[in-house]
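Structure first, then comments.
The values are calculated or read from the model by the stated rules, or taken from the named source; none is laboratory data. Just so you know, these numbers come straight off a predicted model, no measurement behind them. When we count neighbours, we look across all protein chains shown, and the Cβ atoms used for this are built from the backbone with ideal geometry, even at glycine. To get the accessible areas, we keep the full protein, side chains included, count just its heavy atoms, and leave off ligands, DNA and RNA. Shrake-Rupley method; radii C 1.70, N 1.55, O 1.52, S 1.80 Å.
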Amino acid sequence: FRDAQLAKSEARFVESEDFDDVKEALNAVVLSKLWPTVLKEMYHAEARAKDVQIAKGLPFSWEADQKELCAFLNLPKIVLGPDGAVKPEAYPGIEQAAHALHKVSGVYTPESKASAIVKSRKQVVKLLTALSREQDASAAAERQRGRGAGRSRKIVSVGEDEVAPCLTYVILLALHRAKVQGDQLSFHADVQYIRDLRVHLSNDSGETSAYVDMFFAMLCFIDECRTELRGPRPLQNTNEAKAFDAGYQKLQAAAREGHWEDTRRLVEENELRPLFKTKDPPQASALEAACSSDQQGLALYLMYNAALDTSVYPLGSRGNVDLFGDGGCNGQLKQFENRASLEQGLYSMRALEMLRSHAFYTERLIKLKEAVGPKQDWMMHDDTFKKLFSNVEVNLQVAEMVLKDMKGVVENCIKQRSVLKGFAEVLKGNTLQVAIRAVGLQFDEVKEATELLATMFNQDSALWRQWKEYLQGVEQKLGMHIYAALSEPLQRAMRYKEEAKALLHAAAGASGTKRDRKIGETDITPASIMERPSLEIAEELEAVIAKAGPEEPCVYDLPDVIRAHLKLEAETMRLNERRREYEERQKAAERAHKLLDRVQGAEDVLERPVWLVSEATALCATTEGEAEKPVEVLLLRGTRPEILICSSVGVSGRKVCDRRIKLSTVAAMDAQAEERPGADARAEVHYLTISIHMRAAAKVEEGPGGEKKEGEPDAAIEVLVLRAPLGQRRSVIGIESLLQPILGGPPPDANALQKLVVEAKMLLRELSTRGSLAAGGAPQGSSVGADDVEEKRTSLTSVRRRELLSPALD
């Protein structure tokens, strides 16, 4: 019975008017808690881009372009004054409506937000009604004075065609006031919030929904006007087309007159394109307008802004052709009438082209890093990940530093409203040199990565299949082969020289027809600069620029561009030399593997990095009491430099390593010519005799605490003699008779043997120097062996790389 009574009471309450009030109050409490904590961020995240864009308004200055804005919006005449702007008596009502809109983003419930929109609209209707009545009353008074008729009361109605333009004006005023105050309104997010929850004010008969829809339509109108500003011009003569024409006309006028604030507002806030020009009606671009009035600093700003606009000019060759070709900057800069201004503009253009090229390279490194991702658990068992991607992070850090320096120079010049100065400092500065030298240390690693990839794709184990699947995913994200991505830094380092040469060509003014004109009072011409750039020319031009007045005889950066070109040329030569050495070493390594393959007694040599420095053939008695026999002498370098003496055994020619001489045990090498009797008594043969003096390896001794250390080397000396015939005298008999015992292989070669000795001595000297450095200047009695030095070579290379990069990275 009690439950039945409660059910009847609940039913009566739900049907009563009080229930609606309670429900609305509960909704208000719940949504007031949810909006600032959860819902606000959710809706703002979805509509943030639109709200940020609409906050920038239309291409009209609020203070200076009121007449043009009112004409564009087609405001009713009753709110306009004689000057075409909103008349003073109408402005308070419009401000009240804007103030009501400003509250939309400050309340929490959908009812409150919708109520603020409705209030703003009603304020607009109220204003228009009052102005219409005032106008009608004035007209009636005029008629009464003219005809003496009785006064008649007329009902004033306001149409939507009058309300909509005024409401758009109110929205723009609210956005402008919020921007001045540093607030961010979120009209798109608020409208979406109201629509999603389907909330209507009580007893509104759908009126609120209609008003909210109209408000949203005005937001879309502003969005469409802003979107059309990016071009091309709308074909129909619509409001969007009018906004387009008005925006670009104002940008052109601001650029021609050198108005920085208006130009930056139209380009940055309204996103007008600096290089865009229309054909119908014919209209020059902002860059052409700036050039025609010799606004060099503004021209630099417009080109830089266009260079950063990757949505119109994507990074890469196609975007650069559109931006810097004859249809872009290169053609439009010809509006400069002054030769010096044109040369400065072309120099700035080439500098921005170099900046974009480096930005494209940096973007690809970012994509590579994102595609590679962090090292995964299944990769932890070996160093494959390190071998493939150890340089990705370093290359990206250095590339980002170079790009930051380039942008910093340009932006500083724009801040000072000057021409481009100091860009060459980046090219000859430490950051770019670090970038090139860092790449120079990666030849070995890129080659190792290539070989590892080749090995990996020829294997079929479960682990390699997992690696192949992972790398295929990386390639899909990159849109390029993984080897091309890893070797790109090497290719990029080679291109800096060519880009610096193009920059020098523009800075010297060598692009025009007057390549033989003299610069200032010197005999230097653009042609002579390009033919033989030198530090002397740079210093002479620097002195000329210092003495010159406002009319500079050449591009201000020209001396530093010459120095940067010379420095990058030297760095590129070093890089090419390193690459050449690396390629030769690779060939030497392949030759060593070919010679030592299946050589008995030298199986462990190929288990570590090794390459052939020199090879020769000679006669040698490899053991005491043995007759001389033909042998192959191989000088090898790698983790353990050594000389191998190999001979052929039997008719099959199977090779055997008879002696292995570590360079750490070689005390000296002597070469001398001697005469020995030939096969014929009348003939004497000249021989080149090489004596290799070897000491015994140092003995490892155990100290008092059990530690092990090298003792003094054994004083005993062993001598191994190698001989090769130089020629013969007093006989017409050939020396081939001396070589009859040789079973296969080339004859002894004195020239090759002498070259091998020279290479061995140079290697001994180099290892001795490195050993002293690695030992930290060790005393004479505690020398470091050549084996130890070569084994530490890889680690020392890593240390040099860290020392090279750490100052710049810090």
Arg579 fails exactly one of (1) part of a loop (DSSP other than H, G, I, E, B); (2) open to solvent by 60 Å² or more (accessible area, probe 1.4 Å), namely (1)
Report whether or not Cys220 is surrounded by 19 or more Cβ atoms within 10 Å (Cβ to Cβ), modelled with pLDDT of 75 or more, hydrophobic (A, V, I, L, M, F, W, C) and out of contact with any Gly (no Cβ under 8 Å at 6 or more places or on another chain).
no
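A quick yes/no check of all residues on (1) crowded, with 21+ Cβ neighbours inside 10 Å; (2) in contact with a Cys (Cβ under 6 Å, 6 or more places away or on another chain); (3) at pLDDT below 80:
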| residue | (1), (2), (3) |
| --- | --- |
| Arg637 | yes, no, no |
| Cys646 | yes, yes, no |
| Val656 | no, no, no |
| Lys662 | no, no, no |
| Gln672 | no, no, no |
| Ile690 | yes, no, no |
Provide a single number: the residues in region 457-474 that are in a helix (DSSP H, G or I) and open to solvent by 40 Å² or more (accessible area, probe 1.4 Å).
8
Among the residues of region 196-217, how many are modelled with pLDDT under 60 and among the hydroxyl-bearing types (Ser, Thr, Tyr)?
2
Output the residues belonging to region 582-603 that are closer than 16 Å to Arg637 by Cβ and open to solvent by less than 90 Å² (accessible area, probe 1.4 Å).
Tyr582, Arg585, Gln586, Ala588, Ala589, Arg591, Ala592, His593, Leu595, Leu596, Ala602
Search region 67-85 for residues that are polar (S, T, N, Q) and pair each with any residue that is open to solvent by 10 Å² or more (accessible area, probe 1.4 Å) when their beta-carbon atoms are under 9 Å apart and the residues are at least 6 apart or on different chains.
Asn74/Asp161; Asn74/Pro165; Asn74/Asn239
Inside region 81-92, can you point out the residues that are open to solvent by 10 Å² or more (accessible area, probe 1.4 Å) and touching a helix residue (DSSP H, G or I) at 6+ places or on another chain (Cβ under 6 Å)?
Gly84, Ala85, Val86
Please go through region 612-633 and give me each residue that is more than 19 Å from Ala750 (Cα to Cα) and either among the charged types (D, E, K, R) or open to solvent by less than 40 Å² (accessible area, probe 1.4 Å) (or both), ordered by number.
Glu624, Glu626
Per the filter on region 331-350, residues over 16 Å from Ala284 (Cβ atoms) and in contact with a helix residue (DSSP H, G or I) (Cβ under 7 Å, 6 or more places away or on another chain) are Ser341, Leu342, Gln344, Leu346, Tyr347, Ser348, Met349, Arg350
Condition first: among the aromatic types (Phe, Trp, Tyr) and either touching a Ser or Thr at 6+ places or on another chain (Cβ under 9 Å) or surrounded by fewer than 16 Cβ atoms within 10 Å (Cβ to Cβ) (or both). Can you find one or more residues in region 433-454 that meet it?
no
Here the residues within region 511-531 that are closer than 11 Å to Cys554 by Cβ and in contact with a Ser or Thr (Cβ under 9 Å, 6 or more places away or on another chain) are Arg517, Lys518, Ile519, Pro526
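Quick grid of which residues meet (1) modelled with pLDDT of 80 or more; (2) touching a Ser or Thr at 6+ places or on another chain (Cβ under 8 Å); (3) within 28 Å of Arg226 (Cβ to Cβ):
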{"residue": "Phe19", "(1), (2), (3)": "no, no, no"}
{"residue": "Val22", "(1), (2), (3)": "no, no, no"}
{"residue": "Val29", "(1), (2), (3)": "no, no, no"}
{"residue": "Glu41", "(1), (2), (3)": "no, no, yes"}
{"residue": "Asp65", "(1), (2), (3)": "yes, no, yes"}
{"residue": "Leu75", "(1), (2), (3)": "yes, no, yes"}
{"residue": "Leu80", "(1), (2), (3)": "yes, no, yes"}
{"residue": "Gly93", "(1), (2), (3)": "yes, no, yes"}
{"residue": "Ala97", "(1), (2), (3)": "yes, yes, yes"}
Scan region 492-527 for residues that are in contact (Cβ under 8 Å) with a residue 24 or more places away in the chain and either open to solvent by less than 10 Å² (accessible area, probe 1.4 Å) or within 30 Å of His358 (Cβ to Cβ) (or both) and report the count.
20
Identity of the residue in region 419-432, closer than 15 Å to Tyr301 by Cβ and among the aliphatic types (A, V, I, L, M), that ends up most open to solvent (accessible area, probe 1.4 Å)
Val419
Hey, can you tell me all the residues within region 375-418 that are in a loop (DSSP other than H, G, I, E, B), open to solvent by 80 Å² or more (accessible area, probe 1.4 Å) and either among the small types (Gly, Ala, Ser) or modelled with pLDDT of 90 or more (or both)?
Gln416, Arg417
Only one of these is at pLDDT 85 or above, of a type in the set (Asp, Glu) and on the phi < 0 side of the Ramachandran plot: Glu552, Glu536. Name it.
Glu536
Quick one: count up the residues across region 269-296 that are open to solvent by 10 Å² or more (accessible area, probe 1.4 Å) and assigned to a helix (DSSP H, G or I).
4
